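Report on the structure given below.
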Amino acid sequence: MSDFGVLSLLPPLVAIILAIWTKRVILALFAGVWIGGVMVSGWNPVTGTTQTLDWIVGNAIDDWNVKILLFDFLIGAGVGLIYKSGGAMAIGRALASKVRSSRGAAMMGWLLGVLIFFDDYTNTIIVGNTMRPITDRTRVSREMLAYIDDSTAAPVAGLAIVSTWIGYEVGLIGDAFKDLNVDYGAYVAWMHSVPFRFYSILAIILVFIVAFTHRHYGPMLHAEYRARTEGKVLRDGAKPLMTTEVDLGMPKEDGSVHIFIWPILTLIFVTLYGMWYTGGGGAAYAEGGLMEVLGNSDSALALLWGSFAMVVVAFFLVLAMKRMTIEEAEDAIVRGMKQMVIANTILLLAWSIKSATDAVGTAPYIVDLAKSAGVTGSWVPLIVFLIAMFISFTTGTSWGTFSIMLPIAIPLAYGVTGYVGPEVFAAIGAVFAGGIFGDHCSPISDTTIMSSMFSGSDHIDHVTTQVPYAVTASSVGIILYLLFGFGVHSWAILLPLGFILLVGAWYVLSEWYGKKYGIPHGKVPVYVAED
């Protein structure tokens, strides 16, 4: 890795600025990767281009990545079968008697996002695909659905005591303690860090608030007002990552809820079993409990098994129930996979830009800046939160940010205080919260891309509408970490105060934007679907 100094920020900044400016995510990502390739090749554009292609190929054949790419294609195939056979429309009709309003649809999306806590990828898939026909019918914008999907998935999975995240998180904490020769339980430290993950907690609460009240601000106010008053769940000219209606055509009218329910349940249960099996099953559980199993599991392989089982079950159901012929089912599978080409291209380039940022030293440069400033124990959480926010935003990865920041944050907090206490717990929580914030706001984040994908939203529209809400929650988080720095170390005081500040900020912003755009209080009307 070469020392490029401030120029190490160039690849991610080029990608992010171009993505927002041109609304061409693939072009922007490729440009960011290419800039990184040119930099590490001595600014030679020819060898830089070959380096760029090497990174792309390397990420395409990476074991984890190829499983996720295949998983996406299989999910597309399963969605194709479920949609084309009328299964999605049938579940929408079945829920119509219970969920008939835009408020009910938004609240159901939030509830599903909280209930599907065990994996963020699975969360985005199920919430997006289940709710899309319901939110379309009740005139909830695709931008709002993507926001609900994205802002519950990672925060919920990161906080859950049983998830694909906790094994990874606890493992990183344990490694840091081991390096410090600290005899303290990693899982206990993880539990103590949960109340200090201010952004994650506040983000989940804010989704509930805006879903229930229908009071919005920023670009989301326009999107939701457009959907309610004009019936346009997508803006004119939007380019959703999954163009289901265009790619697959209109679904069959005589669909069955069974073609929706059983494939989705199969996806969930086979994935969970896959995590149990790849994590060592009963032997691992006996040795270290459920955390040991999750820590050892191959979640990408489990998701691949689950998605394949989903397609198999959906295929046999549509044939057994005579909803489709073999030719129609095969066509739906192929067309469903086609939906994922653009999204998978973006995912591949998002991984490749991580290779570029690693090569030019983006993350170490940011960390070194903070370390050179010198900090005290109470201020460590604020510092690492800000750094984690920036690293995850510029690299598009929360897990990568965790792996970079925890080995810095824990020794820093422990080294200043000399014991494992609130400073260490808050520093751990700040790293996890900051990583998720940047992941939410970055257009090159894989989970942000997947939220757009499965919600059927234009990707840049999703990013621009979600950012104001993410900034609101993170700004309150910054205030809380500031108070921590001044000596308020009790989360029992900080969290309630954060809730009050969050509600106050939401109220003021919705009032201000509502007045600015002529929509009283920023409140969009509640739409009730007709029978």
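Given the rule -39500 (n - 2.57) for each run of at least 4 DSSP H residues, summed and divided by the residues of the chain, what is its mean residue ellipticity at 222 nm, to the nearest 500 deg cm²/dmol? All intermediate terms of the calculation are to be shown ahead of the outcome.
On the way: 25 runs with 408 residues, N = 531.
When only DSSP H runs of four or more count, the value is -25500 deg cm²/dmol.
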Treat each spin label as a single point 7 Å out from the Cα along the C-beta direction, and report the Asp368 to Tyr507 distance in nm.
-> 4.8 nm
Calculate how steeply helix 25-40 sits against the longest principal axis of the alpha-carbon atoms of the chain, using the helix alpha-carbon long axis, and give the answer as 0 to 90 degrees to the nearest 10.
-> 30 degrees
Cross-link partners among lysines for Lys67, C-alpha distance below 24 Å, same-chain residues fewer than 8 apart left out?
-> Lys338, Lys354
Under a 5 Å amide H to amide H cut-off, with H placed in plane at 1.01 Å, what residues pair with Ser101 once short-range neighbours are removed?
-> Ala529
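Using a 1.4 Å probe over the heavy atoms of the protein chains, calculate the carbon and sulfur portion of the accessible area of the chain as a whole percent.
Details: 13550 of 19980 Å².
About 68 percent, which is the carbon plus sulfur part of the accessible surface.
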With θ set to phi - 60°, apply the Karplus curve 6.51 cos²θ - 1.76 cosθ + 1.60 along segment 484-495 and write out the HN-Hα couplings as whole Hz, x wherever there is a Gly or Pro.
-> 4, x, 7, x, 8, 9, 8, 5, 5, 8, 5, 5
So which chymotrypsin sites (Phe, Trp or Tyr not before Pro) in segment 403-478 are both in a DSSP loop and have at most 13 other Cβ atoms within 10 Å of their Cβ?
-> Tyr419
What relative contact order, as a whole-number percentage, does segment 450-531 give when Cα pairs under 8 Å and 6 or more residues apart are counted?
-> 17 percent
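Between Ile500 and Leu13, what is the FRET efficiency for a Förster distance of 30 Å, r being their Cβ-Cβ separation, to the nearest 0.05? Could you put the intermediate results ahead of the total?
On the way: r = 35 Å, r/R0 = 1.18.
Step by step, r from the Cβ atoms, then E = 0.25.
Can you give the accessible area per residue of the chain, in Å², using a 1.4 Å probe?
Working: 19980 Å² over 531 residues.
Ligands and nucleic acids excluded, the figure is 38 Å² per residue.
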Stretched fully, the stretch from Val471 through Val526 gains (0.36 nm per residue minus C-alpha distance, one decimal, in nm) 17.2 nm
For segment 270-328, averaging the sequence separation of alpha carbon pairs under 8 Å that lie six or more residues apart and dividing by its residue count, the contact order in percent is 36 percent
Tilt, helix 258-278 to longest principal axis of the chain (alpha-carbon atoms), in degrees rounded to tens, equals 30 degrees
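What FRET efficiency would be calculated for the residue pair Val341, Ile261, taking the C-beta separation as r and a Förster radius of 22 Å, to the nearest 0.05? Can you show the working numbers first?
Numbers: r = 28 Å, r/R0 = 1.27.
The value I calculate is 0.20.
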With θ set to phi - 60°, apply the Karplus curve 6.51 cos²θ - 1.76 cosθ + 1.60 along segment 509-518 and write out the HN-Hα couplings as whole Hz, x wherever there is a Gly or Pro.
-> 5, 5, 5, 5, 5, x, 5, 5, 9, x
Given a Förster distance of 25 Å, the FRET efficiency implied by the Cβ-Cβ spacing of Ile493 and Ala286, rounded to the nearest 0.05, works out to 0.05
If you stretched the chain out fully between Tyr277 and Lys322, how much longer would it get, using 0.36 nm times the residue separation minus the C-alpha to C-alpha distance?
-> 12.7 nm
Specify the angular offset, from 0 to 90 degrees and rounded to the nearest 10, of the alpha carbon long axis of helix 446-455 from the longest principal axis of the alpha carbons in the chain.
-> 20 degrees
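Only sites in a loop by DSSP and with at most 11 other Cβ atoms within 10 Å count here; which trypsin sites (Lys or Arg not before Pro) in segment 260-352 make the cut? Walk me through the numbers before you get to the answer.
Values: sites: Lys322, Arg323, Arg335, Lys338; in loops: Lys322, Arg323.
Passing sites in segment 260-352 are Lys322.
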Average Cα contact separation per residue, segment 320-465, under 8 Å, 6 or more apart, as relative contact order % | 25 percent
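Please say if segment 407-507 is rounded, prolate or oblate, where rounded means a/c under 1.5 for a ≥ b ≥ c the square roots of the C-alpha gyration tensor eigenvalues, and otherwise the choice is prolate for a/b larger than b/c and oblate otherwise?
Numbers: a/c = 3.55, a/b = 1.64, b/c = 2.17.
In terms of gyration-tensor shape, oblate.
Which length gain, in nm to one decimal place, applies between Met191 and Asp179 when the Cα-Cα distance is subtracted from 0.36 nm times their residue separation? It would help to have the intermediate numbers written out before the result.
Values: separation 12, 0.36 × 12 = 4.32 nm, distance 2.03 nm.
That works out to 2.3 nm of additional length.
The values are calculated or read from the model by the stated rules, or taken from the named source; none is laboratory data. The structure presented is a predicted model; accordingly, all values stated were derived computationally and were not measured. Note that we place each Cβ from the backbone using ideal geometry, even for glycine, and neighbour counts take in every protein chain shown. The accessibility values were calculated without ligands, DNA or RNA, using every heavy atom of the protein model including side chains. Shrake-Rupley method; radii C 1.70, N 1.55, O 1.52, S 1.80 Å.
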